1. What is the order of M101, M58, M1, fewest Cβ neighbours within 10 Å to most?
2. Ratio to report: Rg/Rh of region 261-334, with Cα atoms as the point set and Rh obtained by the Kirkwood method; give two decimals.
3. Which of the trypsin sites (Lys or Arg not before Pro) across region 85-151 are loop residues per DSSP, with 16 or fewer other Cβ within 10 Å?
4. Taking the alpha carbon gyration tensor of region 203-277, what are the square roots of 5 times its eigenvalues, largest first, to the nearest whole Å?
5. More than 26 angstrom separation, counting every C-alpha pair in the chain; what % is that?
6. At q = 0.13, 0.18, 0.24 Å⁻¹, what is the log10 ratio I(q)/I(0) for region 282-381, with the Debye formula run over Cα points and no solvent?
7. To check you understand DSSP bridge types, tell me what percent of the beta bridges within the chain (both residues inside) are antiparallel, rounded to 5.
8. Kindly provide the pair-distance distribution of region 4-193 built from C-alpha pairs, with 10 Å bins from 0 and whole-percent values in order of increasing distance.
Amino acid sequence: MSRFDDWVTDPTLRLDALRRFASDRSCIADPFLDRYVVWESSGSSGQPAVFAQDAKAMAVYDALGFWRGPALRRTANPWSVGERVAFVGATGGHFASWVSMERLRRLNPALKGRLQSISFLQRADDLVAELNALAPAVIATYPSVAVLLAQERLAGRLDAVPREVWTGGEDLSAAAREHVQEALNCRVINSCGASEFLPLAFECLCGNLHLNSDWAILEAVDDRGREVPAGEAGATTLLTNLANHVQPLIRYDLADRVTLHAAVCACGSHHPVIDVQGRNDDTLQLGRGAPTVQILPLALSTVLEDAAGLFDFQLEQQGPCRLLLRTGLLGKGADSSLRRARAALSDFLVQQGAHGVHIHCKSGQAGRRGRSGKVQRVVAL
């Protein structure tokens, strides 16, 4: 981002103007300069990135999402049969998933009443109430949210049972998939995407993720940037986006660990099978005794990023009501960021019903890395 103005191919695009646009929540999904779709990353690497896509790039993303996405796994396409679809995620900023949903509603007026977005920043009982009222046939969300909804169903609070749950954005373990499918009595269809390339991989009928290798190149490399053999996970992964010519990402470090397999999948697809170890943050259980309050990791990250502007952090639970918030930043700026972060986090936890949580802060201390190679941003007890 520090050299953005040097490598963007349209000289009318300037980072300061894009940052101002992305900070205005009233213009989500509005075209920037009348022709660009803009979203920003979550900043899990310590600094959020801003991405602009032109009509050609969006046409590629739309086609991949439609022809290879989860809708084609169904006997009837939910976009065309009048079913309600609920997206449960971060709805307060210019994030790729939220911008994409709002853009889809604008492109197809028939979807305005059927495609609804629900914030995961609210209390679990309010989230469940919205889903019960909407009764969607499909819920698109993150694996950690899907697990929360499964638990709410088992507790007898979630009445709305979708026919399918579409997940992405986090690791989906086999155990989590089985738990959600059994609790909700529905199919779970996973996908893989990134702010740098939205529809990166799709799940086939065999349950494998297939890379959209005609539009995205992934290279699994070791810690010295050397290619690793097929079937082995690299230390990180390099992405080349062949669709976006406005911001030409060439061998861009995703910081995820990906395994590319050489064997052809039994489904018959010639797109390579990949395993992804990406975001694997924990859901926190806060409180002494029962019931505890469950706090979703993506909700915590969203609060710290949006309300406090803190992107370089790790939040570690050290007791039932004790959290440690650390950052690798140093100096007065780090101290002021931590003060804002602690205040915002405390307010959010109280709103969620988690009272009496003590938050301790440390600067100049980098967080430990998880198995994906990224710093695990939220670590449970």
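1. Working: M101 21, M58 18, M1 12.
Taking fewest neighbouring Cβ atoms as first place, the list is M1, M58, M101.
2. Over the Cα atoms of region 261-334, Rg/Rh equals 1.20.
3. Sites meeting the loop and neighbour criteria: K112, R123.
4. Working: eigenvalues 87, 55, 16 Å².
Those come to 21, 17, 9 Å.
5. 53
6. Normalising to I(0) and taking log10 leaves -0.40, -0.78, -1.36.
7. 60
8. That works out to 8, 34, 34, 18, 5, 0, in percent per bin.
Coordinate-derived values only; no laboratory data. Source: prediction; values computed, not measured. Every residue, glycine as well, gets a Cβ built from its backbone with ideal geometry; the counts of neighbours run over all protein chains shown.
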